[in-house]
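Colleague: Sending over a structure as structure tokens; questions will come in a sec.
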Amino acid sequence: MFDFIDISWIDVLDVIMVGLLIYWLIRVVRGTSAVNIFLGILLLYVVWIASRALGMKLLSFILGQVLGVGVVALLVIFQPEIRRFLLRISSSTSQAAHRGIFGKLFRQTARSAGMQPAELEELTAACSQMAETRTGALIVLRHGSALGDIIDTGDEIDARISRRLIENIFFKNSPLHDGAMVLSVNRILAARCTLPITQRQDIPAHYGMRHRAAIGLSEVSDASVIVVSEETGHISFVREGQIKTMGSITELRLAIEESYK
């Protein structure tokens, strides 16, 4: 009955690969404005194919011209969204590589040690004090991503992690308090850095710009971010686009240690 259908194992592999690609793209763009762009282009393409199949010459001609010129138009109009989309893909690929066998082999020395106990104690003590005094803070923990473009937006510090230095930098009258601080495992690299703002629409309204900036960076890199709210004094930990309010300093310490594994 189905002798006219000629399907080889290459065809089956082709369908599986396309399905996996679509699934991966949906996971990457889910929750971002890029998904609307993706669905819009897909809808135009489906209508164009349908109009050609039905012999609707005028509609197929118009849609063909729109799709032909639309690539350039999309690059111009949606440049910020496309850039964030590509950065998100790069981040997802990088994180997957870090979790794989090659990532374990090549990053074992750099990341297995994590933050040393003395530096971890200084950092968490500073966060605890700033939470008590409701001093707003935005602290980036650098992991695999170099974050060179983020560090370049601020002022280089290159100092040992110290609770007094962290508190002084985020003191409201300090010239460096407005922005993010970037840390490596044992050094303060820079302060007053600018982070990308997430475009997600599902973030609760009580989260401010610091939280949106923290989520934005975690979406395009493997960095983790600590946020101390100036309004509530609550401490939040952001990783891979997910934000979690810390119930205690011990929970914050465990989250920091887990982020380096």
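The values are calculated or read from the model by the stated rules, or taken from the named source; none is laboratory data. For clarity, every value in this text was computed on a predicted model and none was experimentally measured. Heads up, the Cβs are rebuilt from the backbone with ideal geometry, glycines too, and the neighbour counts pull from every protein chain shown.
Colleague: Counting just the residues of region 187-202 that are under 14 Å from the mean Cα position of the chain (by Cα) and among the hydrophobic types (A, V, I, L, M, F, W, C), which one comes out nearest to LEU147 (Cα to Cα)?
Modeller: LEU195
Colleague: If you take the residues of region 233-261 that are in a loop (DSSP other than H, G, I, E, B) and more than 16 Å from the chain's Cα centre (by Cα), which of them is surrounded by the most Cβ atoms within 10 Å (Cβ to Cβ)? Explain how you work it out, then say what you get.
Modeller: First, the residues of region 233-261 that are in a loop (DSSP other than H, G, I, E, B): 233-234, 240-241, 246-248, 260-261.
With more than 16 Å from the chain's Cα centre (by Cα) added as a condition, the list becomes 233-234, 246-248, 260-261.
Details: GLY233: 14, HIS234: 14, MET246: 21, GLY247: 10, SER248: 10, TYR260: 16, LYS261: 7.
This residue is MET246.
Colleague: Please go through (1) assigned to a loop (DSSP other than H, G, I, E, B); (2) crowded, with 19+ Cβ neighbours inside 10 Å; (3) touching an Asp or Glu at 6+ places or on another chain (Cβ under 6 Å) for GLY144 and return the number of the only condition it doesn't satisfy.
Modeller: Of everything listed in (1) assigned to a loop (DSSP other than H, G, I, E, B); (2) crowded, with 19+ Cβ neighbours inside 10 Å; (3) touching an Asp or Glu at 6+ places or on another chain (Cβ under 6 Å), GLY144 misses just condition (2).
Colleague: Of these, LEU254, LEU195, LEU176, LEU183, which one is aliphatic (A, V, I, L, M) and at pLDDT below 90?
Modeller: Just a single option satisfies the conditions, and that option is LEU176.
Colleague: I've got another one for you. Tell me yes or no: at least one residue of region 140-154 is of a type in the set (D, E, K, R) and without any contact (Cβ under 8 Å) to a residue 24 or more places away in the chain.
Modeller: Scanning region 140-154, I find at least one residue that is of a type in the set (D, E, K, R) and without any contact (Cβ under 8 Å) to a residue 24 or more places away in the chain, so the answer is yes.
Colleague: Here's something else I'd like to know. Scan region 163-170 and tell me whether some residue there is within 24 Å of GLU119 (Cα to Cα), in a loop (DSSP other than H, G, I, E, B) and at pLDDT 90 or above.
Modeller: Taking every residue of region 163-170 in turn, none turns out to be within 24 Å of GLU119 (Cα to Cα), in a loop (DSSP other than H, G, I, E, B) and at pLDDT 90 or above.
Colleague: What is the one condition in (1) surrounded by fewer than 23 Cβ atoms within 10 Å (Cβ to Cβ); (2) within 18 Å of ARG134 (Cα to Cα); (3) touching a His at 6+ places or on another chain (Cβ under 9 Å) that VAL228 does not satisfy?
Modeller: (1)
Colleague: On to the next question. Mind listing just one residue for me: the one in region 1-34 that is closer than 30 Å to GLU219 by Cβ and not in a helix (DSSP H, G or I) and, of those, modelled with the highest pLDDT?
Modeller: Only one residue tops the list, namely ARG30.
Colleague: Still on this structure, please answer the following. Looking only at residues that are without any contact (Cβ under 8 Å) to a residue 40 or more places away in the chain and in a strand (DSSP E or B) in region 191-224, which one is surrounded by the fewest Cβ atoms within 10 Å (Cβ to Cβ)?
Modeller: ARG192
Conditions (1) more than 26 Å from PRO117 (Cβ to Cβ); (2) touching a Pro at 6+ places or on another chain (Cβ under 9 Å), marked per residue:
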{"site": "ILE203", "(1), (2)": "yes, no"}
{"site": "MET209", "(1), (2)": "yes, no"}
{"site": "ALA214", "(1), (2)": "no, no"}
{"site": "VAL220", "(1), (2)": "yes, yes"}
{"site": "VAL225", "(1), (2)": "no, no"}
{"site": "THR232", "(1), (2)": "yes, no"}
{"site": "ILE235", "(1), (2)": "no, no"}
{"site": "GLU240", "(1), (2)": "no, no"}
{"site": "LYS244", "(1), (2)": "no, no"}
